[in-house]
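Below is one structure; the comments refer to it alone.
Each reported figure results from applying straightforward, stated rules to the coordinates on display, with no laboratory input. Note that the structure is a prediction, hence the values are computed from the model and not measured. Cβ coordinates were reconstructed from backbone atoms using ideal geometry, including for glycine residues, and neighbour counts include every protein chain displayed.
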Amino acid sequence: MAQSKDAARKLEEYIEKIHYSDRYSDDHYEYRHVILPKQLLKMIPKQYFSPDDSGTLRLLEEHEWRGIGITQSLGWEHYEVHAPEPHVLLFRRAKDYAPPSQPAKYRDARRK
């Protein structure tokens, strides 16, 4: 039990050290890169890695990258991996992205 608490504490420490770049853009997308601590990369489930044994992550779905501690606003897509630095994840989203609006009943319920 103490070992799992220690692992959870270490995981939280690593998540706090995730680095988020400033955003940059072209005509179609805005981009950012996310740098994971190398220790966190070692804790990621094996099924998140490319099957070719290159040591790089495969492209992750939103629920997967959020599940390893990456927090970003809505609309970001993990679109590229950089093999020389597998702890760097590249994200993009449409330059004109607008988050979906909440249904009126939820919006009104929060105002009460």
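Starting from the amide H of residue 29, placed 1.01 Å from N in the peptide plane, find each other amide H under 5 Å away whose residue is 5 or more places distant or on another chain.
Sorted by chain and number, the residues that satisfy this are 95.
Just to be sure I understand the curve: with the Debye formula and one point per C-alpha of the chain, what is log10 I(q)/I(0) at q = 0.12, 0.18 Å⁻¹?
At q = 0.12, 0.18 Å⁻¹ the computed log10 ratios are -0.54, -0.96.
Around residue 67, under 15 Å between beta carbons, what's the net of Lys plus Arg minus Asp minus Glu among the other residues?
Numbers: positive: 46, 58, 66; negative: 12, 61, 62, 64.
Here the charged neighbours net out to -1.
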